[in-house]
Amino acid sequence: MAGEKADVLVVGAKKPVLMKGLEGKVNLHHWLDAKDKDAYAKEVGPKIRAIAIAYTANKVDANFLRQFPKLEQISSFGVGYDHIDAKWAGENGIIVTNTPGVLDEEVADTALGLLLNTVRELPQSERYLRAGKWPSAHYPLAKATLRDRTVGIVGMGRIGKAIGRRLEAFGVPVVYHSRREAKGVKYKYYPKLLDMARDVDTLMVIVPGGAETKNMINNQVLEALGPRGILINMARGSVVDEPALIEALKNKTIFSAGLDVFAEEPKVPQALIEMEHIVLFPHVGSSTEHTRAAMDQLVVDNILAWAGGKPPLTPVAETPYPPKRK
C-alpha cells in the first residue's frame, strides 16, 4: 500500500472527528451520498479495502460485505458489534475492530445513574415537583433503597468491573455471572445465572448482544429475581426477553426496571412507556461529546494503523490478527 492512498468507505454520517482524521490520508467514499446504492457498490466496490462504520445502527451483514471483494478491515464505532457479521468477516480474512476502553467509565457512570434513578424514584419525584404537587404534599417515601441490596452484575468485562468499583464505593455488595470466571476479580462468581438471580435482588446487565445472549434475561430469571427485584439493562435490548419483562412488571413478578436499551430501538413498547414505576433512558450510555469524540478517534486510529501496515489496535475476538483468508 506504500505510495498510494487506500480507498475507504464511510458508512454513516460525516462525523467531524472521522473526517478530520481521515481526509487526505486515505481516499474516502461515502455510502450515504449514493442515491442508487447498487450502482454505487458496483462502481466503488472493487477498490474498497476498508470500511469505517460511524454508528452501530448501520447493519453490515455478509450480503453487504460481499460487494467489496478486496476488503481487509472494518473499523466500527462502539463496543458492541452485533450489527456486523464478524463471524463471516473472520472466515473471509477481514479484520473487525471496535472501540472498547474509551467509553468504559462513561457507561459505568450512566449505569450507576440509571440504578439510582430507578431505586430512588428520582425521575418520578422530579415530575411530581414540575406538576406543582409539592405544595399540597411531600412526594411519597421511596419503597426501595440501595442500603439493603445485593447487586448481581451480568457480564464482568471492562465496563462490568468499572460498575463494580462504583458499587463498592457506595457500600453495596457485588457478585457476578459471566461465561467464565474473571481473573483478578474478588467478587463471588456464579457459573449459573439462575443461581445468582435467586441470591440477589438487583441485576445489572452489561453483556454483548448477539445470538449467544439473546433473551438470556427471560421469565425464569425474572421469577428467580423475585418481587423485590430490580433489573437494570445497559447491554443490548436483545439480551432481555422484552415481552416477558413487560409481563413481569405488570404482574409484579419483579419490583421495577431501569432500561437504557430496547429490542427495536428507537421504538419503545407503549406498555413500558405507560409504566410509572420504571425508568427509561434513550440509549445514552456513552452519550457525551467527550466520549463520543474519543470513540470516533479510535475508529480513525484503527483505519490509519491498517493503512500504515500496522496491526489493528482493537480487533474483536472473531477476527484475530493476523487474518486468514480462504
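What to note about this one:
- The stretch 1-43 - residue that is among the aliphatic types (A, V, I, L, M), outside any strand (DSSP E or B) and under 27 Å from the mean Cα position of the chain (by Cα) and, of those, farthest from residue 292 (Cα to Cα): 32
- Subset of the stretch 279-316 (residues that are among the hydrophobic types (A, V, I, L, M, F, W, C), in a loop (DSSP other than H, G, I, E, B) and either free of Cβ contacts under 8 Å to residues at least 24 places away in the same chain or crowded, with 21+ Cβ neighbours inside 10 Å (or both)): 316
- Restricted to helices (runs of 4 or more DSSP H) entirely inside the stretch 44-123, no element has at least 2 residues that are over 20 Å from the mean Cα position of the chain (by Cα), at pLDDT below 95 and over 27 Å from residue 279 (Cα atoms).
- Residue check for residue 176: crowded, with 20+ Cβ neighbours inside 10 Å and among the aromatic types (Phe, Trp, Tyr): yes
- Odd one out for residue 304, checked against (1) modelled with pLDDT under 95; (2) in contact with a Leu (Cβ under 8 Å, 6 or more places away or on another chain); (3) hydrophobic (A, V, I, L, M, F, W, C): (1)
- Test: residue 271 is touching a helix residue (DSSP H, G or I) at 6+ places or on another chain (Cβ under 9 Å), surrounded by fewer than 16 Cβ atoms within 10 Å (Cβ to Cβ), among the small types (Gly, Ala, Ser) and more than 29 Å from residue 16 (Cα to Cα): yes
- In this structure, residue 40 does not satisfy being at pLDDT below 95 and either touching a helix residue (DSSP H, G or I) at 6+ places or on another chain (Cβ under 6 Å) or surrounded by fewer than 18 Cβ atoms within 10 Å (Cβ to Cβ) (or both).
- Any hit, the stretch 55-70, residues being crowded, with 20+ Cβ neighbours inside 10 Å and touching a residue at least 60 places away in the same chain (Cβ under 8 Å): no
- Unmet requirement for residue 319, which otherwise passes all of (1) part of a loop (DSSP other than H, G, I, E, B); (2) surrounded by fewer than 18 Cβ atoms within 10 Å (Cβ to Cβ): (2)
- All positions within the stretch 78-94 that are more than 23 Å from residue 238 (Cα to Cα) and among the acidic types (Asp, Glu): 91
- Test: residue in the stretch 119-129 that is more than 23 Å from residue 254 (Cα to Cα), surrounded by fewer than 19 Cβ atoms within 10 Å (Cβ to Cβ) and in contact (Cβ under 8 Å) with a residue 40 or more places away in the chain: no
For (1) on the phi > 0 side of the Ramachandran plot; (2) among the basic types (Lys, Arg); (3) touching a strand residue (DSSP E or B) at 6+ places or on another chain (Cβ under 7 Å), each residue gets a yes or a no:
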site	(1), (2), (3)
49	no, yes, yes
58	no, no, yes
62	no, no, no
74	no, no, yes
81	no, no, yes
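The values are calculated or read from the model by the stated rules, or taken from the named source; none is laboratory data. Please read these numbers as outputs of a predicted model, since none were measured by experiment. Glycine also receives a Cβ, built like all others from the backbone with ideal geometry; neighbour counts cover every protein chain displayed.
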